[in-house]
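The values are calculated or read from the model by the stated rules, or taken from the named source; none is laboratory data. Since we're looking at a predicted model, the values are computed, not measured. Neighbour counts are summed over all protein chains in view; Cβ atoms, including those assigned to glycine, are modelled from backbone coordinates with ideal geometry. To get the accessible areas, we keep the full protein, side chains included, count just its heavy atoms, and leave off ligands, DNA and RNA. Shrake-Rupley method; radii C 1.70, N 1.55, O 1.52, S 1.80 Å.
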Amino acid sequence: VTWTLDFARASFVGTAPDLTVKELTGTLSNGDAGWEFRALRVVTPRSGFTLHGRIDRRQTPTTLDLHVSAPRFAFQEWAGILRGLGNIAVEASFDTQLTGPPSAMGTVITLHSNGGNVSGDLVIDTSVPGWHAKGAAKVQRLDLARWLNRRDRPSDITGDVDMDLDLQLGGHFPR
């Protein structure tokens, strides 16, 4: 059985977690093959993004092939959905492609924010608590005070980064 929801325009106010969606448009489908997103656009008071792609359950492990484009995104606004975002006091625009299984998700990202800019090619393991990332990125004017929500820890980092770290989303400083 496959079902499809085609949103011409929907909105809602959610509680527990708190999230207001001012506009939801596009198509969401689910069936034996998995989830499919076609121009699924979500607009909230502080964020807006469009999601295309699929989450394929026909193989084990499940694989992702998703593209997200966000002209504006407030990380803390989404903390009720992804708890680890609560300490990230950053507002950004980004474009990202996610491919592969959750334990080795290829991630290509270009992000511009009030906490600095990042362009990277990473492999993220979302199957471990707090997530793990490995790869390379170019950072420009990265301010860790915003990313860690710690005004007492300002930085201005620019350069090339090779990383292999536990992100500890929702926890302490990454290792």
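What to note about this one:
- Farthest positive-ward along segment 16-175 dipole, Cα basis, beta-carbon charges - from Thr96, Leu144, Gln76: Gln76
- Segment 92-148 and segment 15-32 have Cα centres lying 24 Å from one another.
- For segment 88-175, the Cβ-based charge dipole about the Cα centre amounts to some 240 debye (Lys, Arg positive; Asp, Glu negative; other atoms uncharged).
- Helix-derived mean residue ellipticity, 222 nm - over the chain, DSSP H n ≥ 4, -39500 (n - 2.57), to 500: -500 deg cm²/dmol
- Rounded to the nearest 20 debye, the dipole size of segment 1-110 about its Cα centre is 80 debye, using +1 on the Cβ of Lys and Arg and -1 on the Cβ of Asp and Glu.
- Share of pairwise Cα-Cα distances greater than 16 Å in segment 79-175 is 59 percent (whole percent).
- Global geometry of segment 1-64, whether rounded, prolate or oblate, following the gyration tensor of its Cα atoms and the 1.5 cut on a/c: prolate
- Solvent-accessible heavy-atom area per residue, rounded to whole Å², over segment 40-88 at 1.4 Å: 52 Å²
- Net charge of Cβ neighbours under 15 Å - reference Asn30; Lys, Arg +1; Asp, Glu -1: 0
- Mean silhouette area of the chain, derived from the convex hull of its C-alpha atoms and averaged over all directions, reads 10.3 nm².
- The portion of the accessible surface of segment 1-141 made up by carbon and sulfur, rounded to a whole percent, is 57 (1.4 Å probe; DNA, RNA and ligands excluded).
- Dipole magnitude for segment 48-89: computed about the Cα centre from +1 point charges on Lys and Arg Cβ and -1 point charges on Asp and Glu Cβ, it is near 100 debye.
- Table column - 3J(HN,Hα) (Hz), segment 38-49, Karplus curve with 6.51, -1.76, 1.60, x for Gly and Pro: 10, 6, 6, 10, 10, 10, 10, x, 10, 9, x, 8
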